Amino acid sequence: MNRLLGGTFALILAALLVPSALAQSYPTKPVRLVVPFAPGGATDIFARMAAAEMSKGLGQQVIVENRPGAGTTIAAEYVARSSADGYVLLYTDLSTHTITRSLYGKLGYDPIKDFTPVTAVNSSPLLLVAHPSVGVKTVAELVRLAKRNPGITLGNSGLGTVTHMTAEKFRMRAGIEVIAVNYKGGNTPIVALRSGEVAMVMATVPASIQHVRERKIIALGLAAAKRSPYLPDIPAISETVKDVEGAVIAGVLAPAGTPQNVIDLLYTQFSQASATTKAKELYATNVAETLSQTPAEVRKAMERDVRDWGEVVKATGVKAL
């Protein structure tokens, strides 16, 4: 009997030690950062910078893998169902990630319960831009035009993304009617805007700012409470239409149950990657504020954003399948 009990105890102890052993040896193979957007957008750009820096720090290659579509839910479900060992991570926009809880009737995962936060890297406000042919240079001019001519097209990076819901928030707060055009992230909305396919786009700064500087498109306003010190000449939308704020919050999530030692190591590595001179220059260029939030801070912010964005989804009446 004692021998049987001793054997059982040994098995239990071994099972408990396996995650710890895995964490201590991590990583022993390449790590994948799954990005739920097409290449070229804000999240993708930041992920690739982090991957390059972390490959040095971890001693293993960190690979960016783009899985766009369905408002980030394809990539999120893939990561949620992956092994909780730290080798498959979701590098996403946390705003969009929290929006999905309210927007989709059925998800194959829970945006909060099925993930362990690693960190929030930075926050970059969205930018409302227009094609020159629209003939407006300010938010006030746009609102007046849209009230006279309901149905102006307003593109975004995809159904349910923060660009889409911020555009809906703007429409609702401004009291105008627009036609939402949902693309699949990356540079696609800006390419469509440049070609005149849509009149306006609620865009990420990385995807749009160079086109603004080249005067190919018109910057109307940042979706922020105040102007950015990086773009002082571009007004905040809130200067004309109150309470229109939206930002890409680049963050990293691991599957629920990932060992704490692995989470701690990843948090340290992402924080160090964001502290480099190269990262700071990239963030400044893309009007992004460094966050480096701890896992606990990220979880608290995500729970708050689920409630806040849920109210916007309900008020706008937008629903996905």
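Annotations
- From the coordinates of this entry, Cα Rg over 2.2 N^0.38 Å is computed, and it appears in (i) 1.22; (ii) 1.08; (iii) 1.13 under the label (ii).
- Entry note, the chain: the mean residue ellipticity at 222 nm calculated from DSSP H runs of n ≥ 4, each adding -39500 (n - 2.57), is -14000 deg cm²/dmol after division by the residues and rounding to the nearest 500.
- Where labels lie 7 Å past Cα in the beta-carbon direction, separation of Arg144 and Arg304 in nm: 3.8 nm
- In percent, rounded to a whole number, the relative contact order of the chain is 27, using alpha-carbon pairs under 8 Å and six or more apart.
- Each Cα pair under 8 Å and six or more residues apart adds its separation to the average, and for the stretch 127-239 the resulting relative contact order is 36 percent.
- Highest mean packing first, where packing is the average number of other Cβ atoms within 10 Å per residue, the peptides 265-276, 183-194, 223-234 line up as 183-194, 265-276, 223-234.
- Approximate spin-label separation Thr277-Lys242, in nm, with each point projected 7 Å along Cα-to-Cβ: 4.6 nm
- Taking the centroid of alpha carbons for each part, the stretch 244-261 and the stretch 199-238 are 25 Å apart.
- Listed cross-link partners Lys113/Lys300; Lys147/Lys216; Lys169/Lys242 are compared with a 19 Å cut-off, the Cα-Cα value being larger for Lys147/Lys216.
- Annotation: amide H of Val181 within the under-5 Å range of Leu154, Gly155, Asn156, sequence separation 5 or more or interchain, hydrogens built in the peptide plane.
- Across the stretch 20-152, the mean sequence separation of Cα contacts (distance under 8 Å, 6 or more residues apart), normalised by length, yields a relative contact order of 23 percent.
- Test item: Cα-centred dipole of the chain, Lys/Arg +1 and Asp/Glu -1 on Cβ, debye: 380 debye
- Residue exposure sequence - Lys278, Lys113 - by fewest surrounding Cβ within 10 Å: Lys113, Lys278
- For a modelled paramagnetic label at Ala52, 7 Å from Cα along Cα-to-Cβ, no residue of the stretch 82-115 is in reach, as no backbone nitrogen comes under 12 Å.
- Label-to-label distance for Ile74 and Glu311 is 3.4 nm, based on points extended 7 Å past Cα in the beta-carbon direction.
- Only Lys, Arg (+1) and Asp, Glu (-1) charged, at Cβ; the stretch 127-239 dipole about Cα centre in debye: 120 debye
Any read-out appearing in this document is the output of simple, stated calculations on the displayed coordinates, not a laboratory observation. These figures come from a predicted structure and were not determined experimentally. Glycine gets a Cβ as well: all are built from the backbone with ideal geometry, and neighbour counts include every protein chain shown.
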